[in-house]
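The values are calculated or read from the model by the stated rules, or taken from the named source; none is laboratory data. None of these values were measured; they are calculated from a predicted model. For neighbour counting, all protein chains shown are included, and Cβ atoms are generated from backbone atoms with ideal geometry for every residue, glycine included.
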Amino acid sequence: MDQPLYPPVGMEAGRKRRELTPKPLEAFKAFSAAVFADGALPAKTKELVAVAVAHVTQCPYCIRGHTKSALRAGATEQEIMEAIWVATEMRAGAAYAHSALAIDVMQHAHGS
């Protein structure tokens, strides 16, 4: 029997979370609401940041949830895709930048 790698989040999962840890769940929901509220950055911008971060952390639930939230906050499909490209560049750029570590090891290996 094939099961999906990432099962859909349904009512049962939410009920179980509340049942097992109601206070942390309540605190997390309040924290999340405060973080994504309009502030120095508008909610739309925060959701675009979340879409980008979700792609870097590769959380499928976050990708789906924050893409929907970004659309609800007024983000366009083009803005969402551009945010994803920013995340892509940052991830690729980090891999490239960290090549300095390999170069350092190679230089020291030749010097020993």
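Determine which member of the set I84, I103 is surrounded by 14 or more Cβ atoms within 10 Å (Cβ to Cβ) and either under 17 Å from the mean Cα position of the chain (by Cα) or of a type outside the set (G, A, S) (or both).
Numbers: I103 fails: surrounded by 14 or more Cβ atoms within 10 Å (Cβ to Cβ).
It is I84.
Say whether the condition of being polar (S, T, N, Q) and farther than 25 Å from L5 by Cβ is met by at least one residue in segment 70-85. Step through it out loud before you land on a result.
Applying the first criterion (polar (S, T, N, Q)) to segment 70-85 yields 76, 78.
Now drop any that are not farther than 25 Å from L5 by Cβ, which leaves 76, 78.
Scanning segment 70-85, I find at least one residue that is polar (S, T, N, Q) and farther than 25 Å from L5 by Cβ, so the answer is yes.
Pull out all pairs, ordered by first then second residue, where Cβ-Cβ is under 6 Å, the residues are six or more apart or on different chains, the first lies in segment 88-112 and is in the same structural domain as I63 (by TED's automatic domain parsing), and the second is surrounded by 10 or more Cβ atoms within 10 Å (Cβ to Cβ) and assigned to a helix (DSSP H, G or I).
Pairs that qualify, where the first residue is in the same structural domain as I63 (by TED's automatic domain parsing) and the partner is surrounded by 10 or more Cβ atoms within 10 Å (Cβ to Cβ) and assigned to a helix (DSSP H, G or I), are R91/V56.
Run down A27, A50, A54 and say which single residue is more than 17 Å from T76 (Cβ to Cβ), assigned by TED's automatic domain parsing to the domain that holds R91, surrounded by 11 or more Cβ atoms within 10 Å (Cβ to Cβ) and modelled with pLDDT of 95 or more.
A54
Quick check on segment 8-24: of everything there that is modelled with pLDDT under 95 and loosely packed, with under 10 Cβ neighbours inside 10 Å, which residue is nearest to the chain's Cα centre (by Cα)?
Ranking the qualifying residues of segment 8-24, first place goes to P8.
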